[in-house]
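Here is the structure we will look at.
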Amino acid sequence: MGRIGGAMEESSKSTGPQAVSEEAPGRTKLSAIVTTFNEERHIAACLESLTWCDEILVVDSFSTDRTPEIARSFEKVRFEQRTYYGSASQKNWAMDQVQHDWFLIFDADERCTADLQKEVETLLASGPTHEAYTIRRTVYFMDHLIRFSGWQHDQVVRLVKQGSGRYPNRRVHADMVTRGPAPLLRNPMLHYMADSFDEYFPRIQKYSVWGASQAWKEGKRAGFAEVFGRSVWRFIRTYMIQGGFLDGMYGLVFCMLQAYGTYLKWAILWGWRVNEARGRKPNLPIFDDDENTWRGLEGESPDSASPAAG
């Protein structure tokens with residue numbers, strides 16, 4: 001098993017009417033998992049695209065906006081709240097709560113298209129030959145389709161049979177580990193990464209702190225090569241090598257934001273190490289120390305499998 005590669009196909013932005021909302025004859029029942037925090041602008045559209053599933057489990061991190069109210073208004077939704085220790089922890093916990101053997105994982109800013117729905121239902125009706133499947137993501141930034149910048153390869157393992165996939169113990173950017181191959185489905189999901197610059201910028205800062213915290217926990221250090229070298233290389237790779245310049249001004253801004261996030265992560269870690277020498281420890285975010293969250297796949301230890309995509 002290893003990281004699964006592939007190209008991302010362009011998809012229509014609209015999810016389209018859920019014309020195939022009737023359950024495919026004889027298909028295996030399916031749960032949907034959606035994790036949320038202050039997603040009142042996205043959650044309704046996300047849940048509407050998943051109403052064809054037999055159960056929708058929403059795991060909320062104590063939102064302070066209308067997310068809980070909106071989520072509870074959907075008939076199929078089972079609403080739970082849990083402290084947020086990172087995406088991997090939240091999704092592992094949710095996977096243990098669903099009622100059906102197969103589940104589909106979505107973030108609140110993602111949408112299931114009618115074509116993807118039909119493909120998943122047909123697969124579950126005909127009998128899956130694998131225990132996990134990978135789905136491409138078509139990415140939108142400020143309402144604009146990002147065709148390049150590295151995101152043309154964006155894909156994640158999201159359709160999984162219970163016991164065949166697990167996220168490793170990482171605060172951010174965890175790739176799901178699967179027991180066997182996770183083939184790529186034909187149709188993508190939609191990912192509305194950010195509606196505005198004001199929304200995306202704080203997210204970059206938050207992820208940078210989490211990334212630095214993970215690196216601190218792993219004993220890593222940061223110097224010139226990390227703070228400067230990694231940041232410059234991130235821009236060169238995404239903007240020049242992976243074609244970000246072909247996305248025009250959106251691509252330029254997007255790639256520079258990615259490079260800034262890399263810089264911020266390693267600069268924060270550098271600052272923490274400097275302060276460590278001065279006798280000051282960083283105020284790290286809380287980590288999930290419950291062994292049940294990080295247990296390995298059925299019949300395997302957590303270190304015996306390889307990451308797929310995440």
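The values are calculated or read from the model by the stated rules, or taken from the named source; none is laboratory data. Since the model is a prediction, treat every value here as computed from it, not as a measurement. Note that each Cβ is placed from the backbone with ideal geometry, even for glycine, and that neighbours are counted across all protein chains shown. Calculation scope for accessible area: heavy atoms of the full protein, side chains included, ligands and nucleic acids excluded. Shrake-Rupley method; radii C 1.70, N 1.55, O 1.52, S 1.80 Å.
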Q. Failed condition for residue 203, given (1) surrounded by 15 or more Cβ atoms within 10 Å (Cβ to Cβ); (2) under 27 Å from residue 141 (Cα atoms), with all others met?
A. (1)
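Being in a loop (DSSP other than H, G, I, E, B) and at pLDDT 95 or above is the filter; apply it to region 122-145 and report the residue that is surrounded by the most Cβ atoms within 10 Å (Cβ to Cβ).
131
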Q) In region 124-143, how many are among the aliphatic types (A, V, I, L, M) and within 19 Å of residue 110 (Cβ to Cβ)? A) 4
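The rows are residues; the columns are (1) at pLDDT 95 or above; (2) crowded, with 16+ Cβ neighbours inside 10 Å; (3) in a loop (DSSP other than H, G, I, E, B); (4) in contact with a helix residue (DSSP H, G or I) (Cβ under 6 Å, 6 or more places away or on another chain).
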| site | (1), (2), (3), (4) |
| --- | --- |
| 17 | no, no, yes, no |
| 23 | no, no, yes, no |
| 63 | yes, yes, yes, no |
| 69 | yes, no, no, no |
| 103 | yes, yes, no, no |
| 119 | yes, yes, no, no |
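So which of 190, 184 is open to solvent by 20 Å² or more (accessible area, probe 1.4 Å), at pLDDT 95 or above and under 17 Å from the mean Cα position of the chain (by Cα)?
184
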Q) Restricting attention to region 146-178, and to residues there that are aliphatic (A, V, I, L, M) and part of a loop (DSSP other than H, G, I, E, B), which single residue is surrounded by the fewest Cβ atoms within 10 Å (Cβ to Cβ)? A) 172
Q. (1) more than 25 Å from residue 214 (Cα to Cα); (2) open to solvent by less than 10 Å² (accessible area, probe 1.4 Å); (3) not in a helix (DSSP H, G or I): which one isn't true of residue 79, the others all being true?
A. (2)
Q: Provide a single number: the residues in region 82-101 that are outside any loop (DSSP other than H, G, I, E, B) and either of a type in the set (Gly, Ala, Ser) or touching a Lys or Arg at 6+ places or on another chain (Cβ under 8 Å) (or both).
A: 8
(Q) Being under 16 Å from residue 147 (Cβ atoms) and open to solvent by 80 Å² or more (accessible area, probe 1.4 Å) is the filter here; which residues of region 231-246 pass it? (A) 240, 241, 245, 246
